[in-house]
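The values are calculated or read from the model by the stated rules, or taken from the named source; none is laboratory data. Just so we're clear, the structure is a prediction, and the values are computed from it rather than from any experiment. Neighbour counts run over all protein chains shown; Cβ positions are idealised from the backbone, glycine included.
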């Protein structure tokens, strides 16, 4: 049986509720079983964490805190199937707890800790985190 994968736009419209008409269409699409891949999750995290609110005076500030993005996406796993589920949830929980790590690094750490996959990097902070027990 084939699977229905959603793209970042469907997820973002559903999660943000904006614009309303597309959010309603996304909600209708997600009444059927759907799958979200790790690659699309990374895109969603990037978009939400870089979204800005622009004030009347022209000043900008982040629209969503990293921890709230991670929490929102952890809850979203109740709406769509995450593939691979264990890696995505591990990465999101790690990202929520350690927002100084970007989601891509959290995915690599998850792969290392859950699957014993080797991660090759020059990033000293990531190397240190990989040595810690998951």
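Quick notes
- Residue 117 being outside any helix (DSSP H, G or I) and loosely packed, with under 13 Cβ neighbours inside 10 Å: yes
- Within the stretch 107-121, residues that are over 22 Å from residue 44 (Cβ atoms) reach partners that are not in a helix (DSSP H, G or I) with beta carbons closer than 7 Å, at six or more positions or on different chains, in the pairs 112/119; 113/134.
- Where strands (runs of 3 or more DSSP E) fall entirely within the stretch 1-102, those with at least 1 residues that are touching a helix residue (DSSP H, G or I) at 6+ places or on another chain (Cβ under 8 Å) and without any contact (Cβ under 8 Å) to a residue 40 or more places away in the chain are at 60-62.
- The listed residues are 30, 101, 22, and the only one of them that is at pLDDT below 95 and either surrounded by fewer than 16 Cβ atoms within 10 Å (Cβ to Cβ) or more than 12 Å from the chain's Cα centre (by Cα) (or both) turns out to be 101.
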